[in-house]
Structure formats: structure tokens, C-alpha cells
1. Give me the residue from region 33-71 that is hydroxyl-bearing (Ser, Thr, Tyr), out of contact with any Leu (no Cβ under 7 Å at 6 or more places or on another chain) and farther than 30 Å from His138 by Cβ and, out of that set, surrounded by the fewest Cβ atoms within 10 Å (Cβ to Cβ).
2. Can you tell me which condition Asp455 does not meet? The list is (1) outside the structural domain of Val230 (by TED's automatic domain parsing); (2) within 16 Å of the ligand (Cβ to nearest atom), and all the others hold.
3. Please work out if Thr361 is loosely packed, with under 14 Cβ neighbours inside 10 Å and modelled with pLDDT of 95 or more.
4. Scan region 427-436 residue by residue and report those that are surrounded by fewer than 21 Cβ atoms within 10 Å (Cβ to Cβ) and within 11 Å of the ligand (Cβ to nearest atom).
5. Could you tell me whether any residue of region 130-145 is at pLDDT 95 or above, within 16 Å of the ligand (Cβ to nearest atom) and in contact with a strand residue (DSSP E or B) (Cβ under 9 Å, 6 or more places away or on another chain)?
6. State the number of residues belonging to region 78-92 that are under 19 Å from Ala114 (Cα atoms) and crowded, with 21+ Cβ neighbours inside 10 Å.
7. Keeping to region 438-449, report how many residues are in a loop (DSSP other than H, G, I, E, B) and either under 16 Å from Phe464 (Cβ atoms) or touching a Pro at 6+ places or on another chain (Cβ under 9 Å) (or both).
Amino acid sequence: MKYPELKNYIGGKFTSSTSGKFLDVYSPLDGSVISKVPLSNASDLNAAVITAQNAQKLWAKTPIKERVQVFFRYKTLLEKNMTELSKLISEENGKTFDEAKAEVEKSIELTEFACSLPQLVAGEWLEVSAGVECRTEHAPLGVVASIVPFNFPMMVPNWTIPNAIALGNAMILKPSEVVPLSSQKIAELLKEAGLPDGVFNIVNGDRDIVEAICDHPDIQAVSFVGSTKVAKIVYARATSHFKRVLALGGAKNHLIVLPDAHAAMTASNVTASMSGCAGQRCMAASAMIGVGKIDHIVEQLCEESRKIVLGKNLGSVISKQAKERIESYITEAETQGAKILVDGRNSVVAGSEGGYYVGPTVIDFVRPDMKIAQEEVFGPVLSILRTDTVDEALEIENKNPYGNAAAVFTQSGAMARYVSERASAGMVGVNIGVPVPREPFSFGGWNESKFGMGDITGKSSIEFWTQLRKMTTKWNPDARTNWMS
Ligand code: NAD
């Protein structure tokens, strides 16, 4: 085991869970056990909440301009530790070093945004009547929780940590039990940046601890990122306890390719979108809908896919079960008559035979009724569907229950506008396969890709992590000057 048994992080200290239960942590790059993560219980969570409640009282009294100083330092520490963090992310998640580095770079951008919050949360003030003023202020909620998935062990925690904490809350992070190592580094860096003990805490575990978070009476808000199945469970359970909840779910992203699209650019963009992070991105291209004559683009994207070197510029998927699940989608589509143009099944990387690898896979003539066309595959697999008209393509995209991202590839401004206005997705790309909004724009899908109001990052997250205090003050000593004072 390369790393020692992990602990929770409560009140600025790494603390053993009282449960005594652990789960092995594997590196998907070679299948080796690299650590053990505790499966915490409700009493571990309770200890973290009590500590967080106490710390939050003082933290909330610290002016926001002072609070964000911690995040200026945290940003510098992320930069300083970029290589070490990227190696750790790659080791626990299986993505390539460059993809892991991009996670750290995005975490830096998210932290920069948090540093700008004092500029964004200045309240409003108005003299509403002679000698009477109203003003507003964004007040923190108290103790909040963030539950995160396996596919971005550093970026997704940083979607929530800097904003929620800079806005005056204390946080309990529940990392994915599959990739719990990067979160420990986040705790160390926040401490080094000067964050007071107890403001950020980690409680490791699985389903039991998520349920305990949903039920805990002293947690005010819960953000969740993961599959739609669990997002629905968390949303329903935590709101039943009257908590504020934002739960981001899974995705099935459609790229609509028109015959006039720039062929080389489209081919490389679609390939990067479907294969980046081994297709384990909620923004990954899963289905490409080719409208009319697009064979020349399909040929080029197969060429691009064949250029990918597994184990070098395409990492592993997260587990043996994930590899089996992805390969079974491909086999079922083949059995039902789809044509496999590039086949990534049964891939092995020499020297890493124990790793969980699936090569890039391109499947043509997938029909909308096939399982692979409807469900989230979460692997480096592109299904190509064919239609005669753009409206048929939009109908397929609109019918899918998810709504995270969609994109159109065309050189016609009018067609780009036509499709982007009609796609049923929260994040829409024109000639870009991974239309992730960058700060200050906010991240969040529609339909079954998100439950709750607002988005998880950017300006929209301010409303989620705070509540508005409205204050009315009468400075005027006169009695009954008008109907209100
Ligand atoms: P997951 O839903 O299995 O797990 C997410 C979190 O929920 C983990 O911390 C896990 O411990 C916990 N959990 C798992 N099962 C649970 C249960 N039954 N009850 C309560 N908690 C439970 O997701 P994952 O496999 O870690 O991540 C992949 C999924 O996340 C994909 O569907 C992907 O699209 C989605 N995702 C979405 C976004 C987005 O922004 N919409 C971003 C990243 C990932």
C-alpha cells in the first residue's frame, strides 16, 4: 500500500473514524491497492458538524475581504503544488497527467473567482422614505455539505469549497470513496493558506454518510454532484428535512454535425470530447447526430481516434466494473446492428496489464431506440446517429431526459442559432465539443441533469450559498412623517 490508511479531517486535525470499517482504494492505472478509506458513521459526522458550527460563528464575523485572503494564498499553493497534485489525481482516478493538470488549473480559476466575491456581494442601499433606509446583505447559511463524484477528484470539490467558505459558511466535504486522496491534499493546503481550523472538514464514507448528511438537523445546505439516480435520492431526502439542495446529475450529451461543418476541426473536436478523461466527463460527447452527408467527417474522426495512444494520451476508466459495463454497451449495440468503426474493447496497456483500459470506440448507424443511444455510457465511446434533417436531430436531442450539454458544428451562423435555441441543455456549444462555461459564467445543466435552483459555480452560486438579509433603519427622529415611519 503506497499511502497510509486515510483519516477524516475534523477541526484542523486528521482524525480516525470511530467505525473501524475501511474500503480499499485502487489505482485504476494498474489495479493496485494504494490506500484504505474509512467508512465513517453518523457519530463521526456529528463530531464534524459540532466543530464546524463553532468555527463558523467566528468565521462569519470575519469580514469577507479578510476571508478571501485565505483563497489568494490557497491559489498560490495550488500553483506551487501543481505537479504533485496532478500526479496524485492521475494515480487515483486513472486520467492522464495532462488531464489531471487541467483539473488543477481549473481549480485555480475557481479560486480566483472566489477571490473576486467581495466585489460581487456588495449589497444595495436606498433611502426609501425621508430619513429611512433599506440595505441588503448576503448572510452565510451556517454549516453546509458538499458531496462529490469520482471523475474530478480536485476540480469538483473546488466548484464548492472556495465560494461556500469565502461567503462565510463552514463546510463538510464528503469525497468519493473511490478517489479520496486529493481531498486530503486540499485540506492540507487550506490549512497552510491560513483557514481557521473547523471551517473545512472531511468526512469520508459511502452511502451511509450521504444519508446522514441529508438527515442532519444542523446542516443547512447540501450540494451534490454525481449520477442522476443518486442526485434524485439526495434531493428528495435532504429537501424533506427542509434543507437547501442543489443536486447535479448525469448526462447524455449530443453533438449535432451539419454537412457544412469544418471537417478537420469538427473531427478533432468531437474526438477530444468523447475520449478526454476516458469519456468520464459529464460534458463528454456521447452521441453525435450527423445530418445528411457527413461521411467525410466520420472518416476523419475515425482517423483522429486511431491516433490516440492508450496509456499515453488516453487514461484508464475508473474500475473493472466500469470497463465491463462500457464494453457491454458496445457489444449490445453491435448485436443490434450498429457498425463498429473503431473498437476499443479488450484493450491492454503493456506494462500496466492490471489497469482498466478501454480504447476509443466509434460506432456508426446507432438507432435512437438502442440502449447505447439513450443511456449515459461514461466511457470513451461515440455513438453516431444519422438523420436527414436538423429537426429530426433536435427531436432526438430533446427527447433524451438529460440536459447537461449539447453542441452544433456548422459554418452557418443562422443554423448555429437555430440549433442552440432549440437544444434542451443548460450548456450549449457552437463548434466546441466541451462547452464548459468558464468563470464568471456558471456551471449547471437542465432537466434530469440538475435538481434545484441556480447553478453550482460562478455568480449563480452566490444565491445558493447565502441568504439575503434586508435591513430597514429609521434615522429620522420625527414621528409619523408618512405611512411607513
Ligand atoms: P455516484 O452518484 O455513484 O456517486 C456520487 C456520490 O454519491 C459519491 O460521493 C458516493 O459516495 C455517493 N453515493 C453513491 N451511491 C449512493 C447512494 N445510493 N445513496 C447516497 N449516496 C450515494 O456518481 P459517480 O459514479 O461517483 O460519478 C459519476 C456520475 O457523476 C456520472 O453520472 C456523471 O455524469 C456525474 N457527474 C455529473 C456532473 C455534473 O456537473 N452534472 C459532474 C461530474 C459528474
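1. Of the residues in region 33-71, the ones hydroxyl-bearing (Ser, Thr, Tyr) are 35, 40, 43, 51, 62.
From what's left, out of contact with any Leu (no Cβ under 7 Å at 6 or more places or on another chain): 40, 43, 51, 62.
Add one more test, that the residue is farther than 30 Å from His138 by Cβ, and what stays is 40, 43.
Numbers: Ser40: 29, Ser43: 12.
Checking each candidate, the answer is Ser43.
2. Asp455 satisfies every listed condition except (1).
3. Details: loosely packed, with under 14 Cβ neighbours inside 10 Å: no; modelled with pLDDT of 95 or more: yes.
Here the answer is no, as Thr361 does not meet what is asked.
4. If the condition is that a residue be surrounded by fewer than 21 Cβ atoms within 10 Å (Cβ to Cβ) and within 11 Å of the ligand (Cβ to nearest atom), then Val436 is the only one that fits.
5. yes
6. The qualifying residues number 1.
7. 7
Matching residues to (1) surrounded by fewer than 16 Cβ atoms within 10 Å (Cβ to Cβ); (2) without any contact (Cβ under 8 Å) to a residue 12 or more places away in the chain; (3) outside the structural domain of Arg237 (by TED's automatic domain parsing); (4) farther than 29 Å from Ile297 by Cα:
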site	(1), (2), (3), (4)
Glu397	no, no, yes, no
Arg438	yes, no, yes, no
Ser461	no, no, no, yes
Phe464	no, no, no, yes
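The values are calculated or read from the model by the stated rules, or taken from the named source; none is laboratory data. The structure presented is a predicted model; accordingly, all values stated were derived computationally and were not measured. Because the Cβ atoms are built from the backbone with ideal geometry, glycine has one as well, and the counts that use them run over all protein chains shown.
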